[in-house]
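The values are calculated or read from the model by the stated rules, or taken from the named source; none is laboratory data. Note that the structure is predicted; figures quoted are calculated from it, not measured. All Cβ positions, glycine included, derive from the backbone under ideal geometry; neighbour counts span all protein chains shown. Keep in mind that these areas ignore ligands, DNA and RNA; they rest on the heavy atoms of the full protein, side chains included. Shrake-Rupley method; radii C 1.70, N 1.55, O 1.52, S 1.80 Å.
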Amino acid sequence: MRAAGKAWLSVVLLAAGIALLPGLLYLLGLAMVEGWPQPADRAPSGVAACSGEPRMGFQPMNPWSFTTRFFDPGALKKATDIEREAFWVARRHLMRQPQHDMLRWHLSSSALTIWITRHWSAAQIADTARKEDFCRAWSKRRVPGGPMKR
């Protein structure tokens, strides 16, 4: 193989590796989760747990769309309440696990948040967040009529 062919093959392999990285990190993060959270039993209302947003039209997250949020400065403001609730459920579940290093915590938390949005309904996410006291923590960070505090 000539040098130009080897260079193109290297570029293609590098691009394929970069494209596969979010999926591989997702699988690695899931492998590090010890035990799986269980959704709450009932889903009585048609709105999200703490806000009045409807649950319809919820799009599950995937590793690639999650990764693109790191490059968007306004991504936190664009997150839906259901996504915030899924993050809260994942975080609360991981707090009950044995403590590990920070890299493992963040990778597991991200992977579990994605997994929850893909395998639970919006109603299950909202009701589990309500059960885990997300509403109380959420309301403390909100300014009436304004954006979330940080």
Of everything in segment 42-68 that's modelled with pLDDT under 85 and open to solvent by 60 Å² or more (accessible area, probe 1.4 Å), which residue is farthest from Ala126 (Cα to Cα)? Gly57
Taking Ala137 as meeting all but one of (1) open to solvent by less than 40 Å² (accessible area, probe 1.4 Å); (2) within 27 Å of Gly23 (Cβ to Cβ); (3) modelled with pLDDT under 85; (4) out of contact with any Asp or Glu (no Cβ under 8 Å at 6 or more places or on another chain), write down the number of the exception. (2)
State which residue pairs qualify: first residue part of a helix (DSSP H, G or I) and inside segment 1-24, second residue among the polar types (S, T, N, Q) and surrounded by 10 or more Cβ atoms within 10 Å (Cβ to Cβ) in any location, beta carbons under 7 Å apart, and separation of 6 or more residues or different chains. Pro22/Thr67
Starting from segment 98-109, keep only residues that are farther than 20 Å from Leu21 by Cα, then list their pairs with residues that are of a type outside the set (S, T, N, Q) whose Cβ atoms are within a distance under 9 Å, requiring at least 6 positions of separation or different chains. Pro98/Glu34; Gln99/Trp105; His100/Met32
Can you name the residue in segment 70-95 that is over 12 Å from the mean Cα position of the chain (by Cα) and more than 23 Å from Ala123 (Cβ to Cβ) and is also modelled with the highest pLDDT among such residues? Met95
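Can you confirm whether Leu103 is under 17 Å from Met32 (Cβ atoms) and either modelled with pLDDT under 90 or hydrophobic (A, V, I, L, M, F, W, C) (or both)?
Judged against the criteria, Leu103 is a match.
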Meets criteria (among the aliphatic types (A, V, I, L, M), surrounded by fewer than 22 Cβ atoms within 10 Å (Cβ to Cβ) and either modelled with pLDDT under 90 or in a helix (DSSP H, G or I) (or both)) for Leu112: no
